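A.B. asks: Submitted below is the structure of interest, expressed as structure tokens.
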Amino acid sequence: MKPTRPFHQTPVITIDGPTASGKGTVAALVAATLGFHLLDSGALYRLTALASMSYDIDPADAEALAKLVGALHITFREGCAQLDGVDVSAEIRAEEVGNRASAIAVHPEVRKALIARQRAFRKLPGLVADGRDMGTVIFPDAPLKVFLTASVEARAARRYKQLIQKGFSANMEDLLRDLRERDTRDTNRSTAPLKPAADARTLDTSGLSVDQTVEQIIGWFNEIRV
Ligand code: DC
């Protein structure tokens, strides 16, 4: 019998969800627990956004942005994101860069240019991939797909704490407004909108600790692993 999907022996756990749902922290811990590689796909959009800002590229110019993606020299080393050999891990976390990333992520040309870079992370013994379209577009054959949600208030409170800890200034009202705007844009764009894959397991983390969330995902993975 012909398989309906190409067989891929490298397991992937996809973790998708809205901004500040805790995906990044949870994905890193799940990857560390299993000894898997980690793909923070949002960092790729943020790196593209940061580069577009330094080259003064109009966020509406899809063609120029896609060309830029092709020319970017990106490396991830020991948790640091480098652009042309310069560590920009802190810069890409700024709200301004996140908002720009969300704005340029609406372009199908930009998304397409980033596909191969994301799939290249799939290596043995396995991958944990975090983003918006990991389960729907980038790794549709992933054996475990998780969709993390949390109320906008819980997410704003987490983002506030995160920003203050990193030495950035933050204002709760602005954060709530930005999160709502970004949710609307990420959910309503026509290409690869933020939505759970049909076969994703949804987990609301509003009342869960990071450890409880990680435990649940590892539990699900152990259930399906042969
Ligand atoms: O996860 P994050 O906040 O670092 O992502 C920044 C932006 O990048 C997000 O608002 C939308 C975009 N993004 C995307 O469109 N698809 C992904 N897989 C990851 C991020």
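The values are calculated or read from the model by the stated rules, or taken from the named source; none is laboratory data. On a predicted model such as this, the values are computed, not experimentally measured, just so you know. Reconstructed Cβ throughout: ideal geometry from the backbone, glycine too, with neighbour counts over all protein chains shown. Accessible surface is based on the protein model in full, side chains and every heavy atom, while ligands, DNA and RNA are left aside. Shrake-Rupley method; radii C 1.70, N 1.55, O 1.52, S 1.80 Å.
Per-residue answers, yes or no, for (1) of a type in the set (Val, Ile, Thr); (2) within 19 Å of LYS166 (Cα to Cα):
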| site | (1), (2) |
| --- | --- |
| ARG77 | no, no |
| LEU83 | no, no |
| SER89 | no, yes |
| ASN99 | no, yes |
| VAL128 | yes, no |
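A.B. asks: Looking for whichever is more than 15 Å from the ligand (Cβ to nearest atom) and crowded, with 17+ Cβ neighbours inside 10 Å here; the options are VAL214, VAL210, VAL128, VAL146. Which one fits? Working first, answer last.
C.D. replies: Details: VAL210 fails: crowded, with 17+ Cβ neighbours inside 10 Å; VAL128 fails: more than 15 Å from the ligand (Cβ to nearest atom); VAL146 fails: more than 15 Å from the ligand (Cβ to nearest atom).
The match here is VAL214.
A.B. asks: If you check ASP56 against the conditions, is it acidic (Asp, Glu), within 13 Å of the ligand (Cβ to nearest atom) and either closer than 20 Å to PRO193 by Cα or open to solvent by 50 Å² or more (accessible area, probe 1.4 Å) (or both)? Step through it out loud before you land on a result.
C.D. replies: Values: acidic (Asp, Glu): yes; within 13 Å of the ligand (Cβ to nearest atom): no; either closer than 20 Å to PRO193 by Cα or open to solvent by 50 Å² or more (accessible area, probe 1.4 Å) (or both): yes.
When the stated conditions are applied, ASP56 does not pass them.
A.B. asks: I've got another one for you. Every residue in region 76-98 that is open to solvent by 30 Å² or more (accessible area, probe 1.4 Å) and not small (Gly, Ala, Ser), please.
C.D. replies: PHE76, ARG77, GLU78, CYS80, GLN82, ASP84, VAL86, ASP87, GLU91, ARG93, GLU95, GLU96
A.B. asks: Please go through region 23-46 and give me each residue that is open to solvent by less than 30 Å² (accessible area, probe 1.4 Å) and either of a type outside the set (Gly, Ala, Ser) or more than 23 Å from ARG155 (Cβ to Cβ) (or both), ordered by number. Give the steps one after another, and end with the answer.
C.D. replies: We begin by selecting, within region 23-46, every residue open to solvent by less than 30 Å² (accessible area, probe 1.4 Å); these are 23, 26-27, 30-31, 36, 39, 41-46.
Result: LYS23, VAL26, VAL30, PHE36, LEU39, LEU44, TYR45, ARG46.
A.B. asks: Hey, ALA49 hits all of (1) free of Cβ contacts under 8 Å to residues at least 60 places away in the same chain; (2) within 12 Å of the ligand (Cβ to nearest atom); (3) open to solvent by 10 Å² or more (accessible area, probe 1.4 Å) but one; which does it fall short on?
C.D. replies: For ALA49, the exception is condition (3).
A.B. asks: Would you check which residues across region 161-202 are touching a Lys or Arg at 6+ places or on another chain (Cβ under 7 Å), surrounded by 13 or more Cβ atoms within 10 Å (Cβ to Cβ) and under 17 Å from GLU96 (Cα atoms) and list them?
C.D. replies: Across region 161-202, the qualifying residues are LEU175, LEU179, ASP186.
A.B. asks: From SER169, SER190, SER151, SER89, which residue is more than 10 Å from the ligand (Cβ to nearest atom) and closer than 16 Å to THR48 by Cβ? Before the answer, list the steps.
C.D. replies: Numbers: SER169 fails: closer than 16 Å to THR48 by Cβ; SER190 fails: closer than 16 Å to THR48 by Cβ; SER151 fails: closer than 16 Å to THR48 by Cβ.
Selected residue: SER89, the only one of SER169, SER190, SER151, SER89 that is more than 10 Å from the ligand (Cβ to nearest atom) and closer than 16 Å to THR48 by Cβ.
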